[in-house]
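Here's the structure, in structure tokens; my notes come after.
The values are calculated or read from the model by the stated rules, or taken from the named source; none is laboratory data. All of these numbers come straight from a predicted model, not from anything done at the bench. Virtual Cβ from ideal backbone geometry, glycine too; neighbours counted across all protein chains shown. What goes into the accessible areas is simple: the full protein's heavy atoms, side chains included, and nothing from ligands, DNA or RNA. Shrake-Rupley method; radii C 1.70, N 1.55, O 1.52, S 1.80 Å.
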Amino acid sequence: MKTLVSAALGLGLLASAAQAHAVLERKQAAPGVSYRGVVQIMHGCNGKPTTRVSVTIPEGLIGAKPMPKPGWTLATTRGPYAKTYATHHGTASEGVTAITWSGGSLPDDQVDEFTFLAQVAGTFEPGATVYVPVQQDCAEGSHSWSEIPKAGQDAHDLKAAAPSFRIVQVAQAGGAPAAATPAASTVKAGDLTIETPWLRATPNGAKVAGGYVRITNTGSVPDTLTGATVPFAKSSDIHSMSMEGSVMKMAPVSGGLTIKPGETVELKPGGYHLMFEDLTGAPKAGEAIAGTLTFQRAGAVPVTFTVAPIGAGAPGGQHQH
Ligand SMILES: [Cu+2]
């Protein structure tokens, strides 16, 4: 009977959380990484369709960029940040502070996602919660998902809590901070050990960049690498390389790259690699780039890619072919 009661209480909590009409799909991010803010609109307002979604970018989410949506008009507001932040391209003291999608119509019985990308400030402490207030306007009525719990208050007790995500620590080999030893950055994510993520520097104007990493599955179930993100690429693919006669051919790996239990998969020049596409910037040798690897089971895992010189065959630049 006791179990039943606590189960019911648990359900009650879940139900109240699930009633929130606006939530963030990704619940955590590490300081300094790129965060993909996917605001999910789960319901309309009393059955009426949603016609406008406005997201307030909180202090500490730097360089926010919205994704356009067909059928919706995009608008952004820019403003000064409270602080000046270090970014991958220098410093930033102002940027997008609000994003609005309007003019569409999302029926009450359908869901949709409104997405932005931003860099999480390196100054956030692990354990902190970042709130992203959302204003939802409908054909009739509106919801303001903007309540932020005060110290000691539970977000579940709020009627209209702002969507949020948590700041988590990136595990580092030997306990050294990421910035101090980027070349040796090893990340553990559940049963996966992710070693030495690196990129090749590209000349300005390059359209694609290759990315490499070693992944070991120490668990008992397979996981699949499905993609990766870095701030300077709009999309990514996983490619294989093979010789066709005397010609090296690249082809996308459909369905991702599976790492079986006990197996180590190495993405390296001349073999499997991450292909970053639609570049909006050029990674420079010596930089450390915060990004993520996306796995079917482990989810989005924050990693730091070190950047090796153009044409390098290995992260340190040695062993060139
Ligand atoms: Cu490729």
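Look at the dipole of the range 48-99 built from charges on Cβ: of Thr87, Pro49, Leu74, the Cα furthest out on the positive end belongs to Pro49. Entry for the range 183-252 at q = 0.11, 0.16, 0.18, 0.22 Å⁻¹: log10 I(q)/I(0) = -0.37, -0.76, -0.91, -1.15, Debye formula applied to identical alpha-carbon scatterers, no solvent contribution.
With contacts taken as Cα pairs under 8 Å at a separation of at least 6 residues, the chain carries a relative contact order of 16 percent. Applying a threshold of 24 Å to the alpha-carbon distances of Lys65/Lys159; Lys83/Lys159; Lys207/Lys249; Lys27/Lys65 flags Lys65/Lys159; Lys83/Lys159 as lying beyond it. Diffusion coefficient of the chain by Stokes-Einstein, Kirkwood radius over Cα pairs, 20 °C, 1.002 mPa s: 100 µm²/s. In this view, the solvent-accessible surface of Thr87, computed with a 1.4 Å probe and all protein chains in place, comes to about 40 Å².
Extension gain, Asp109-Glu263: 0.36 nm per intervening residue step, less the Cα-Cα distance, totals 51.1 nm. Shown is the FRET efficiency for Arg297 and Ile148, computed with R0 = 35 Å from the Cβ-Cβ distance and rounded to the nearest 0.05: 0.65. Which log10 I(q)/I(0) values, to two decimals, does the range 5-167 give at q = 0.18 Å⁻¹ under the Debye formula with one point per Cα? Values returned for q = 0.18 Å⁻¹ are -1.13. The magnitude of the dipole of the chain, with charges of +1 and -1 set on the Cβ of Lys/Arg and Asp/Glu and taken from the Cα centre, is near 380 debye.
Computed over the Cα atoms of the range 230-321, the ratio of the radius of gyration to the Kirkwood radius (Rg/Rh) comes to 0.96. Look at the dipole of the range 5-167 built from charges on Cβ: of Thr100, His156, Val120, the Cα furthest out on the positive end belongs to Val120. Sorting the segments 149-160, 59-70 by their residues' average number of neighbouring beta-carbon atoms within 10 angstrom, most packed first, yields 59-70, 149-160.
Between the residues Trp145, Ala288, Ser235, the greatest Cα displacement towards the positive end of the dipole of the chain, with unit charges on the Cβ of Lys, Arg, Asp and Glu, is found for Ala288.
In this view, the solvent-accessible surface of Phe116, computed with a 1.4 Å probe and all protein chains in place, comes to about 0 Å². Rounded to the nearest 10 degrees, the angle from helix 2-18 to the longest Cα principal axis of the chain is 80 degrees.
Dipole size of the range 186-308 about its Cα centre, with +1 on Lys/Arg Cβ and -1 on Asp/Glu Cβ: approximately 140 debye, rounded to the nearest 20. Each residue was assigned an accessible area with a 1.4 Å probe, and for Lys27 the value is about 120 Å². Note on Met250/Glu59: beta-carbon distance plugged into 1/(1 + (r/R0)^6) with R0 of 45 Å gives a FRET efficiency of 0.60.
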